[in-house]
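The values are calculated or read from the model by the stated rules, or taken from the named source; none is laboratory data. The shown structure was predicted, so the numbers you read here are calculated from the model rather than taken from an experiment. Backbone-built Cβ (ideal geometry, glycine too); neighbour counts: all protein chains shown. Quick note on the areas: whole protein, heavy atoms, side chains included, nothing else; ligands and nucleic acids left out. Shrake-Rupley method; radii C 1.70, N 1.55, O 1.52, S 1.80 Å.
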Amino acid sequence: TIEDIEPEKGPLMGLLSTLKESSNEINFITTCDVPDIHLPFVRRMIQGIGDHDVVVSILPGGKKQPLFAVYKKHVADTIEAVMADGKHAVHALLDRLDVCEMALVGNWYHNLNTPEDVVAYRKTNT
């Protein structure tokens with residue numbers, strides 16, 4: 001767990017803070033509201049990064065999950081540039097990177113954003 005360099009600046013600041021703190025070139029990033037991590041998928045993402053800046057997971061239907069992804073440490077420089085331009089959305093960052101997209105397979109991925117999400121998750125996963 002890494003604290004943000006500047007609090008209350010959103011997920012892009014969280015990503016920047018994490019990458020700057022990391023001593024690794026390749027970094028798996030996830031949020032606290034994803035209760036299950038499918039390690040074989042994470043390994044595939046890490047293996048697939050190659051020359052790309054980031055491997056982003058893609059939900060069925062095509063929605064990108066840029067905070068369930070693998071980033072290279074040097075992306076921190078691009079995050080600083082994006083934020084200096086006044087942009088704070090992670091998707092603004094992706095527009096400036098070499099992105100590899102990897103489809104999530106199976107039904108293990110859950111993003112619990114509301115109390116109702118938590119209740120539904122507990123009913124089917126306990």
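Using all Cα-Cα distances in segment 22-126, what percent lands in each 5 angstrom bin from 0 up to the longest?
With a bin width of 5 Å, the distribution comes to 2, 11, 21, 22, 19, 13, 8, 4, 1.
Please work out the average accessible area per residue across the chain, using the 1.4 Å probe convention, and give it in Å².
Details: 7440 Å² over 126 residues.
For the chain, the per-residue accessible area is 59 Å².
Taking the Cα centre of the chain as origin, sum charge times position over the Cβ atoms of Lys and Arg (+1) and Asp and Glu (-1), and report the length of that vector in debye to the nearest 20.
Working: 12 positive and 18 negative charges, 98 e Å.
In debye, rounded to 20, the chain gives about 480.
Given 0.36 nm per residue, what is the gain on full extension from Asp85 to Gln47 after removing their alpha carbon distance, in nm? Could you put the intermediate results ahead of the total?
On the way: separation 38, 0.36 × 38 = 13.68 nm, distance 3.20 nm.
Between Asp85 and Gln47, full extension yields 10.5 nm more.
Taking 8 Å as the Cα distance limit and 6 or more residues as the minimum spacing, I'd like the relative contact order of the chain as a percentage. Before the final figure, lay out the partial values.
Values: 167 pairs, mean separation 37.8, N = 126.
The value is 30 percent.
How large is log10 I(q)/I(0) at q = 0.15, 0.20, 0.22, 0.27 Å⁻¹ when the Debye formula is applied to the Cα atoms of segment 70-126, each weighted equally and without solvent?
Rounded to two decimals, the profile gives -0.69, -0.82, -0.86, -1.03.
Taking springs between alpha-carbon atoms closer than 10 angstrom, which of Leu67, Leu19, Leu39 fluctuates most in the Gaussian network model of the chain?
Ranking Leu67, Leu19, Leu39 by mean-square fluctuation puts Leu39 first.
For Glu8, Glu21, give the ranking by accessible area with the largest first, probe 1.4 Å. Don't skip to the end; give the middle numbers.
Working: Glu8 175, Glu21 125 Å².
Largest accessible area first, the residues go Glu8, Glu21.
Looking at the chain, send over the antiparallel percent of its DSSP beta bridges, to the nearest 5. Working shown, then result.
Numbers: 9 of 14 bridges.
Looking only at bridges with both residues in the chain, the antiparallel portion is about 65 percent.
Report in % the part of the accessible area of segment 23-126 that belongs to carbon and sulfur, leaving out ligands and nucleic acids; probe 1.4 Å.
Values: 3160 of 5990 Å².
Summing carbon and sulfur atoms, their accessible area is 53 percent of the total for segment 23-126.
So how much accessible area does His74 have, in Å² to the nearest 10, using a 1.4 Å probe?
Using a 1.4 Å probe on the heavy atoms, I get roughly 80 Å².
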